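Below is one structure, written out as structure tokens; the observations come after it.
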Amino acid sequence: MRILLVEDDLQIGAAISNALDDAGMAADWVKDGSAAIASVTSGSFGLVLLDIGLPKKDGFSVLKQLRQNRNAVPVIIITARDAVEDRIAGLDLGADDYLVKPFKVDELMARIRAVARRHSGSAQPLLSNGEITVNPSNKTADYQQEALDLTGKEYRLLHALISTPGRIYSREELEEKVYGWDEEVNSNAIEFLIHSLRKKTHKKAIKNVRGLGWMVPK
Ligand code: CA
């Protein structure tokens, strides 16, 4: 899942960004409210972590504008303000959850998973087509009940494909789910990852549909 982090504090932002990366989630990081709106509007994010005290446009205004534009992306507010009125304001504006800084990374991850699950309308956290199974809550994957040893990028790619077995994903869609913006992506990067995923599973585990993209069979 691709996450947008909106945080103007460089130290806190770097810590959260690293933690997300370690957890196998692609995170893009912007540092003011206007950039947040632009990013959410143009990108496909699974979730937004939103600070309140921000330059240009504060987090409440960002959230208000997103919801007015009927953008339903899940939002978790992360802020040092712990006043009850602020929490109520955030939730009333359409935030999905609220976390007061400082918080433990583990708690942030658990909340991200919970919000993402609620948002996908499913309490069932396992994604599977019968052969490949991905467990987003602990970032593990297996093939025919055998655990797979995957890199972060391989995991993100497999997670993207297994989200909807039978659906064909284009190169652009997969690149967007696997890489952050600031990463340079080689033109054959996705092929390379698919190749190594097939080696770890089976060459028929991921199908290439010529000219369109890739899918995992239903
Ligand atoms: Ca701030």
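No value in this document is a laboratory result; all are computed from the given coordinates. What you see is a predicted model; the values in this text were computed from it and never measured. No Cβ is skipped: glycine too gets one built from the backbone with ideal geometry, and neighbour counts run over all protein chains shown.
Okay, here's what the table says:
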quantity	calculated
Of all residues making up the stretch 61-77, the number that are more than 16 Å from the chain's Cα centre (by Cα) and buried (at least 21 other Cβ atoms within 10 Å of the Cβ)	3
Of all residues making up the stretch 1-52, the number that are of a type in the set (Gly, Ala, Ser) and touching a Lys or Arg at 6+ places or on another chain (Cβ under 6 Å)	5
Residue count, the stretch 125-145 (criterion: out of contact with any Ser or Thr (no Cβ under 9 Å at 6 or more places or on another chain) and within 16 Å of Lys204 (Cβ to Cβ))	2
Tabulated pairs, the stretch 44-63, first under 17 Å from Ile88 (Cβ atoms), second among the acidic types (Asp, Glu) and within 12 Å of the ligand (Cβ to nearest atom), C-beta under 9 angstrom, 6+ apart or interchain	Leu50/Glu7; Ile52/Asp58; Asp58/Asp51; Gly59/Asp51
Residue in the stretch 101-118 that is within 16 Å of the ligand (Cβ to nearest atom) and out of contact with any helix residue (DSSP H, G or I) (no Cβ under 8 Å at 6 or more places or on another chain) present	yes
Pairs, first under 22 Å from Ser61 (Cα atoms) in the stretch 91-120, second among the small types (Gly, Ala, Ser), C-beta under 6 Å, six or more apart	Tyr98/Gly90; Lys101/Ala80
Of the criteria (1) in contact (Cβ under 8 Å) with a residue 40 or more places away in the chain; (2) crowded, with 17+ Cβ neighbours inside 10 Å, which one Ile190 fails	(1)
